[in-house]
Each structure stands twice: as C-alpha cells, then as structure tokens.
Amino acid sequence: MKIKWIMVICTLLCVGVLAKAQIIHIETERISLVYGVNDEKLQQVHFGNHLSSVDGVEHLSTKFDEIYPSFGNGSSNEVALIATHADGSMATDLIYQNHQQSIDDNIQTTTILLKDEKKAFFVELNFKAYQAEDVIEQWVVIHHKEKKAVRLEQFASSTIGFKAESYYLTHFYGSWAKEMQMTEEKLCNGIKLIETKRGVRSTEYENPSFVLALDQKASDANGEVAMGALAWSGNFRFSFQVDDKENCQLVAGINPYASAYWLSPKEEFVTPRMILTYSNTGKNQASINLHRWARKYNLQDGDEERPIVLNSWEGAYFKFDADKLKSMMDGAAEMGVEVFVLDDGWFGNKYPRNSDKSGLGDWQVNKKKLPKGIGDLIDYAEGKGLQFGIWVEPEMVNPKSELAEQHPEWIIQRLNDREEILERSQLLLDLSNPEVQDFVFGVVDNVLTENPRIVYVKWDANRHIQNFGSTYLDADKQSHLWIDYTKGLEKVLAKLNEKYPDIIFQACASGGGRVDYGALNYTHEFWASDDTDPFERLFIQWGTNHIYPAIATGAHITKSPNHQTNRATPLKFRCDMAMGGRLGLELSPDNLDEKDIDYVKRVLETYKANRSIIQFGDLFRLNSPYDKDGYAAISYITPEKDEAVVMAYCHEFHRRDERALIKLQGLDEDAVYHISELNGNRKVNQVNEIGKEISGALLMNRGLFINMKKPYESVVIKLEKVR
Ligand code: DGJ
C-alpha cells in the first residue's frame, strides 16, 4: 500500500502541468519543435511533424524530457551541462526566465533564457528555424556574473528527445581513403556514443552527422527520420540514450573529452551550431532539406556554379618543374578545364619540399623548381584560358624546416621534453595562440597578395592532435587546447573570407578529414577523399551526399589503374562517377591518349551544360551501392522538375538476361520527358528508351531498364520536360 502511494506522488510530481502561456513553438513549414515550461523547467513536448495548432497542450499528461538537463539536479541520464562554480558546488538548476521569438522572411528566430536557481549563471538557447528548407539550427551561449571563473565540463549544443517503439541509427565512419562509410544499427537500451577525439582531420574517422529512423530501418522513400549534423571541425560527441521507457535522448555537441573550460565573468562560451531536420517521407527528403539549406545559408557562395579544376597531385606529386606544370596546363586547357590547381611541393628552399619529409612551413617559392615564380605559371595559365589555384597546409610544420627552427614554441607539443609523435613527418602549429593565428593567416594572405590572380585555394591538413600541450596556454588552461584550436582556425578562415570574398576555398584534410558544416561555413567545398577509385567513390560519395550537397563534393577523374587501389576501370565509369559531384580532374593529361582526351573533352562540355542541375538540383538516391543487386543510381532534378540527370552504375557481374530496373523519383508525374544519353561511348544504347518521350508517371512507377552487365559499366541519362 505504502509503495503505491509513493508511486502516485512521484507520478504527479513528474507529470506536472504545462502552462499554455509558456509554450514555445519553433516551427518551419513541415516541422515543429515544441517546448513547454513545467514547474519552471523547460521541457520538450514534441519534435517531428508540423503541428498546425498546440491548443490543449496544457492537458497533456505525459512526462516530458527536460531540455538542456544539467548536472546535479536529480537526473541520472546524460546531461547537456556540467559546471563547477567557484565555491566548488557542481549543482546547476536551470530555471526558465523568458523567451523571445521573431520571424524575418524565411527565418524564425527564438532565444530562451535559463538561469541557475541560485547563482547568476545563464544559459541562452538559440534557434533559427528555416521555413522553406525545414531545418532547425540550434546553439547555446553560456555566461555568468559570478565573482570568479566557472569551470565548464560539459556544454552541449542541443538535446532532443525522440519517442518511438524502436530507433535505427545510421552514422558515417571511416579512415583515410575510406571515409563516410555508412552503417545502420538498432539502438538498444543504454548509450550509443558517436564521437571523435582527434581534434583535427576528425571527420576521416567519424562524421559529425547522423540519421535516426523511428520505428523502422531508414529508407530513402518512406518513414520518419531525423537527420542532424554539428557544424564543428573539432572533437564532437553525440550520445543517444534509450531508456527503459523507450525514450531516446540525443545530447550533441563538442566532445567534453579532456576539454574542461574556464569561463570568466566577462566571457561567453558559444557552442557550435547543431543542424537538424526531419522528414516523414524517408531520408531522401531529409537530405534534400539539408542540401537546400546548406547551399543557401551555410556554404560560401552556395548559389554560384563551381568551375572544373585539374589538381596536379596525382598527375605530378612532388616531381615537377615549371615545364611539367605548363605541359599539364596545355592538356588541361585542351580538355576544357577551367582552373589549374598546383598542389603540394612548390615551396621550401633551405629544406625543399620535394617529399613530405621537409619544408612544410617555409612558404617561399622553391627557386630551383620554379625559378620564375608562381606569377610566371599564372601568366601561362591565363594565356591558355585557365585560372590558377594553389595548395597550402598552413597549420602544419615539418621538424625539418626553417619555421620549426625559428619558432619551436609555436608547435603543439607534449611539454616536459617528451618525444613528439610524428605523423606524415609533421607537427601541428598551435592555433590557440593569436601569434600563430596571425602567421597562418599571413601564409595565405602573402600568397594571395603576391599573386592577386589566384582564384582557388586548397587548404590541406595532414595530421591530427596526438601531442597534446601548448606553450601559449596557462598551466590550468591546457584543456582549452582542443576547443581553442578549432576556434582559432575558424577565426583565421573568417578573416580570409572577409579579405578575399572571391577566392574559392577547398577544405581538404588528407582527403575527407574536414567534411563538416563548421569548415563548410568558411569554404566552398571539400575534397571528399584521397581515394579516387570510382568503385570506392560509389560508397564514399553515397555516404557523403546523405548530409552534404554535390556542389561541395570534390570528385575527380583519375588515371587507371587507380593509384590507391590499383583497380582498373574504364574512363567512362571514372567520368560518370565524377559527374555526381563537383567534377574535376586529378591526373597529368599525358596519362591519356588522344581518344581519351577527346572523350574527356566531351564529358567536360556535357558537365558544363548540365552543372547547374547537378550543383543546384535536388538529389534523389534511387539504388544504393550497399544493396546486394550490384547496381547504384542517383539523380539530380531541378526544383522546377523540368530537367534531370540520372546516373546509374554497375559494380558487379550480372548474368546475360539481367537488367537494372531504375525507378525514378521526384519528377512531375503529369509531365512528359524527352530522354537522351550523356557521356555515351557505345554504338548500341544501353537504354532502349533513348530518344523517346515518356511521362513522369511511367518513369517513376514503371521505371527504366538499363542494360549493364559488367562491373564498371555506367550510364548517364538526361530528362527534359517537353510538355
Ligand atoms: C593530402 C591531400 O588529400 C592530397 O590531395 C594532396 O594534396 C596531398 N595531401 C599533398 O601532400
């Protein structure tokens, strides 16, 4: 009996009553995130489908999750915040104070102020809800007016509760040359952590993004899914906790791993943005939401077409002189390339950068290799109708360099004379130090001032933080390094964007080590992977484009056999794979014979004629390379649904009478489309319907049969609305 009464009291306390006046409705056209104030605590009522009305919410009797739960207030779940106040107290009780909402054109802005019950310690929750794109961005600002500094030990960007019978989590893991591999698992009771602890180049191992499907495995075309990404290039952590009542709570933000942060009364701690979307028609729509949002609000110049580049790395590596580069430019110009990008190896004199062992940090043109300097190369490029781009890796240094000799204190190090761990024979510069920030800015600034006609900068980063320690940070603030490094990098990039608004920046970090919306806020694109084998790219680009748009995905045509995997593939397959992203080349044109040059020339013309569809269109994933049928297919469709490019790939052997059936999606079903082939190089069409006019309804419901039997055959089809 006694036990029963205790249970009733407990339920009453937990249920509480939501006051209608304190309902906060964060909404887009199709998504609602609803909070209520219950017993002075901010709680989540709903996240998912848009609610046209919240009338009667005060009668709901479910127990809701506290938003931004803090340590020491009774919860034994994961928390968003842990703060140790100057008197040693670790308890924080966040009480709702007030909120403001406004709407300006496409963006609804919400700010909710919470305050600790006892101390002048504040947490401000900020939201931007993008109406048409159905994306909600959240970040948190922590500040206080206590007498002494507060030590923050956990500082999430966002906490979201989900309610379903079961949860399926998709995340993207990898390693060098194998980034963005997709895996899905059913969440069991307990906590699943997705995180990185590498500080730099962190997305090579685990991407700060996820797809959470509710009640069933994620499908592209059906079901409820939430999709999210953290805009942060440093350590991150997503914890998904499923409790005994089948609630799932996500706490997402900077990884608090060894990152305690002192916050003085004058400072603000601003978390990175968590980007969230939701769809009740499968994950494809969620990807479209993120892509549309990213092009409009996150990428640099997301509404401008990207040029076709030829990057010199796989064509020349460190072995070049001016003549070699000029002959590469001749071929590039002949094929229709728009920007020639000079990769690693152009600098260093006392310690020439002729391999990855020396010279990194010494950003003076190598006089032996390029006696007439970069200007001479730019003149030559421009004479050929090409623009010019250049590679830098300004955050790093080889011990064998003049920079390391002059500024050993700028290097991130383990302190106390411990031996440093080298990776790719290099060390990291300490970007928490403003002097180093100035130096890193100066590296790029000097190159661009000396060569004002450069239009493209490839920014590389080839190691992560293993030696932990800063000669700049105070002894009690060493744990700031993870966060201050990334914030230092952001500062430098922001300053460069401001000074050079027309430069295209590519984020590269040994390939796909900086594929995140943090870096992408200051850059135009990323190099998706050093693995340029088109078969491997099927999977890498498939995973990448769940979260990040094609316009940002550097995808290059390379030599066969491939340098990383030694796999031989037909030129057409290599070209068709690069068509799926921001197409470019990564070879020396003299690797190709005359016939190949002619073919690539045609492909580049075709890409130029269709790039607005690929770079600005909506992506529809039609057939997954992970499916067992050995085919993959995607399409890009203009928002008006009047033009589409469909790309289909075969990656396994099929018997004679087998054909791929590709059912299209996203077309106008009442429209009729003319069908043509792009990049074709066969006498016989692989698709019978080429040259015909077929309705959107048929293309989507009956589909097209594509004749592809051998591994590495591919077909690109163009659809044009005729009526
Ligand atoms: C790693 C990059 O991913 C490559 O594309 C190339 O730029 C090399 N670094 C150069 O060292």
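The values are calculated or read from the model by the stated rules, or taken from the named source; none is laboratory data. Remember, it's a predicted structure, so these values are computed and weren't measured experimentally. Positions of Cβ are generated from backbone atoms using ideal geometry, with glycine treated the same way; all protein chains shown enter the neighbour counts.
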Being surrounded by 23 or more Cβ atoms within 10 Å (Cβ to Cβ), of a type outside the set (S, T, N, Q), within 28 Å of residue 582 (Cβ to Cβ) and out of contact with any Pro (no Cβ under 9 Å at 6 or more places or on another chain), is that true of even one residue in segment 237-244?
no
If we take segment 127-173, then strands (runs of 3 or more DSSP E) inside it with 2 or more residues that are closer than 18 Å to residue 111 by Cβ are 135-144, 150-163
Just to verify a result, which residue in segment 318-358, among those that are assigned to a loop (DSSP other than H, G, I, E, B) and under 20 Å from residue 598 (Cα atoms), is farthest from the ligand (Cβ to nearest atom)?
336
Reported set for segment 474-516 where residues are assigned by TED's automatic domain parsing to the domain that holds residue 543 and closer than 23 Å to residue 152 by Cβ is 516
One residue is enough: does segment 92-102 have a residue meeting the conditions assigned to a loop (DSSP other than H, G, I, E, B) and touching a Ser or Thr at 6+ places or on another chain (Cβ under 8 Å)?
yes
Give the residue that is nearest to residue 309 (Cα to Cα), with candidates limited to residues of segment 474-523 that are assigned to a helix (DSSP H, G or I), polar (S, T, N, Q) and within 16 Å of the chain's Cα centre (by Cα).
521
Looking at this structure, is residue 322 small (Gly, Ala, Ser), over 20 Å from residue 563 (Cβ atoms) and more than 26 Å from the chain's Cα centre (by Cα)?
yes
Among 558, 471, 486, which is the only one that is of a type in the set (S, T, N, Q), more than 16 Å from the ligand (Cβ to nearest atom) and buried (at least 19 other Cβ atoms within 10 Å of the Cβ)?
486
Would you mind telling me which numbered condition in (1) assigned to a loop (DSSP other than H, G, I, E, B); (2) farther than 18 Å from residue 489 by Cβ; (3) not β-branched (Val, Ile, Thr) residue 389 fails?
(1)
If you go through segment 392-422 one residue at a time, how many are within 16 Å of the ligand (Cβ to nearest atom) and within 22 Å of residue 479 (Cα to Cα)?
3
Note on segment 423-468: residues touching a Pro at 6+ places or on another chain (Cβ under 7 Å), within 16 Å of the ligand (Cβ to nearest atom) and closer than 18 Å to residue 508 by Cβ are 443, 444
Quick check: anything in segment 393-409 touching a Lys or Arg at 6+ places or on another chain (Cβ under 9 Å) and of a type in the set (A, V, I, L, M, F, W, C)?
yes
For residue 503, all conditions in the list (1) within 16 Å of the ligand (Cβ to nearest atom); (2) free of Cβ contacts under 8 Å to residues at least 60 places away in the same chain; (3) surrounded by fewer than 23 Cβ atoms within 10 Å (Cβ to Cβ) hold save one; what is the number of the exception?
(1)
Please specify each residue of segment 425-443 satisfying the condition of being in contact with a Lys or Arg (Cβ under 9 Å, 6 or more places away or on another chain) and surrounded by 14 or more Cβ atoms within 10 Å (Cβ to Cβ).
425, 426, 427, 428, 431, 432, 437, 441
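Residues checked against (1) within 16 Å of the ligand (Cβ to nearest atom); (2) under 24 Å from residue 438 (Cα atoms):
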| residue | (1), (2) |
| --- | --- |
| 478 | no, yes |
| 492 | no, yes |
| 514 | yes, yes |
| 518 | no, yes |
| 523 | yes, yes |
| 528 | yes, no |
| 543 | no, no |
Please work out which residue is surrounded by the most Cβ atoms within 10 Å (Cβ to Cβ), limiting yourself to segment 621-642 and to residues that are of a type in the set (S, T, N, Q) and more than 17 Å from residue 543 (Cβ to Cβ).
635
For segment 690-708, give me each residue that is surrounded by fewer than 17 Cβ atoms within 10 Å (Cβ to Cβ) and of a type outside the set (A, V, I, L, M).
691, 692, 693, 701, 702, 703, 705
Residue match in segment 219-228 (condition: among the β-branched types (Val, Ile, Thr), in a loop (DSSP other than H, G, I, E, B) and modelled with pLDDT of 95 or more):
no
In segment 291-305, how many residues are within 25 Å of residue 530 (Cβ to Cβ) and either within 16 Å of the ligand (Cβ to nearest atom) or assigned to a helix (DSSP H, G or I) (or both)?
3
Among the strands (runs of 3 or more DSSP E) lying completely within segment 1-72, list those that include at least 1 residues that are polar (S, T, N, Q), touching a His at 6+ places or on another chain (Cβ under 8 Å) and at pLDDT 90 or above.
31-38
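Would you call residue 197 at pLDDT 95 or above and in a loop (DSSP other than H, G, I, E, B)?
yes
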In segment 652-710, residues that are of a type outside the set (D, E, K, R) and part of a strand (DSSP E or B) total 14
Return the only residue of 84, 110 being assigned by TED's automatic domain parsing to the domain that holds residue 262, in contact with a Leu (Cβ under 9 Å, 6 or more places away or on another chain) and within 30 Å of residue 284 (Cβ to Cβ).
110
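For segment 73-91, name all the residues that are over 16 Å from residue 247 (Cβ atoms) and part of a loop (DSSP other than H, G, I, E, B).
Our first condition is that a residue be over 16 Å from residue 247 (Cβ atoms); within segment 73-91, this holds for 73-74, 81-91.
Matches in segment 73-91: 73, 74, 85, 86, 87, 88, 89, 90, 91.
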So which residues in segment 90-105 are farther than 15 Å from residue 73 by Cα and surrounded by 16 or more Cβ atoms within 10 Å (Cβ to Cβ)?
99
So for segment 306-317 (the condition being more than 16 Å from the ligand (Cβ to nearest atom), modelled with pLDDT of 95 or more, of a type in the set (Val, Ile, Thr) and part of a loop (DSSP other than H, G, I, E, B)), does at least one residue qualify?
yes
